[in-house]
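Below is one structure, written out as structure tokens; comments come after it.
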Amino acid sequence: MRGEGEKMAVSEIKKHEIIEAAIKVCAEQGFERAKVRDIARTAGIGKGTVYEYFASKEELFTEALRFSIARLGEGMENALTSGVTIREKLLAYARFHHQFLSEQIDTMVLFAQFNFFSEATRRFLMEQQGIIFRQLAELVRQGVGSGELRADLDAEAAILVIVGTIGLHSAKKVLIDGDTAADYAALVDTVLSGLS
């Protein structure tokens, strides 16, 4: 007979499998066309089992977004706190971003369907994006404080340069070039040449 802890662990695994299936189905079919029966089939369960974990499709996709954003935020935080110099931190951030995009392409497609989600879900996504920007603002502050970045730097412009450059480079490498690995040293050095 399973103990309470083991039942909870199995329940969390099943919930995670449903979330992963929802992300995959939504990426393939779009949020509007995605059906709970297709999610259940992809997860290898019955449709009723999905509703044991989630009250509605909206709740399921909201939870999928929360799960994905938590993973993204945790990875970014780890990247931005690794290394000593701003260059090392930006290299770790660029590598993480590329890896996340490579491994979570379906999640990125889900993010792109932003307008189909409820106002509360959109607000949550914007709040999470604010957290990411605050992490990068702290990185810029540290760089200015250490003298690695210019003292007269516009922090918001610097953040947009970092996010835009690394994001577009990763997207090109993964979506267009089909690369699963990229060398970010030259890119980070180019970004830093404009910020330092």
Checking the a/c ratio against 1.5 first, then a/b against b/c, what shape does the Cα gyration tensor give for the chain?
prolate
Separation of the E58 and D152 label points, Cα + 7 Å toward Cβ, nm:
5.1 nm
14 Å beta-carbon shell around F96, net charge (K/R +1, D/E -1)
0
Between 0 and 90 degrees, rounded to the nearest ten: what's the tilt of helix 86-103 against the longest Cα principal axis of the chain?
30 degrees
As I understand it, the value is the acute angle between the Cα axis of helix 57-81 and the longest principal axis of the Cα atoms of the chain; what does it come to in degrees, rounded to 10?
30 degrees
What nm value, rounded to one decimal, do you get for the distance between Q142 and S11 when each label is placed 7 Å out toward the C-beta?
3.8 nm
State the extension gain, in nm to one decimal, for the chain segment bounded by T85 and M126, taking 0.36 nm per residue of separation less the distance between their alpha-carbons.
11.9 nm
Could you give the length gained on full extension between E32 and D189, defined as 0.36 nm per residue of separation minus the Cα-Cα distance, in nm?
52.3 nm
Taking the Cβ of K173 as the center, what net charge do the other residues with Cβ under 14 Å away carry, scoring Lys and Arg +1 and Asp and Glu -1?
-2
DSSP loop (so not H, G, I, E, B), at most 15 other Cβ within 10 Å: list which trypsin sites (Lys or Arg not before Pro) in the stretch 13-84 pass both filters.
R33, K35
The stretch 64-195, relative contact order in percent, only Cα pairs under 8 angstrom and at least six apart counted:
32 percent
Within the under-13-Å Cβ sphere about E77, not counting E77, Lys/Arg +1 and Asp/Glu -1 give a net charge of +1
Which length gain, in nm to one decimal place, applies between R71 and F133 when the Cα-Cα distance is subtracted from 0.36 nm times their residue separation?
20.7 nm
Go through K24/K173; K57/K89; K47/K172 and tell me which ones have a Cα-Cα distance over 32 Å in this structure.
K57/K89; K47/K172
Rounded to the nearest 10 degrees, what's the angle between the helix 119-146 long axis and the longest principal axis of the chain, both from Cα atoms, 0 to 90?
30 degrees
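Read-outs throughout are calculated quantities, based only on the coordinates presented, and are distinct from any laboratory measurement. Predicted model only: the values in this text are computed from it and were never measured. Cβ coordinates were reconstructed from backbone atoms using ideal geometry, including for glycine residues, and neighbour counts include every protein chain displayed.
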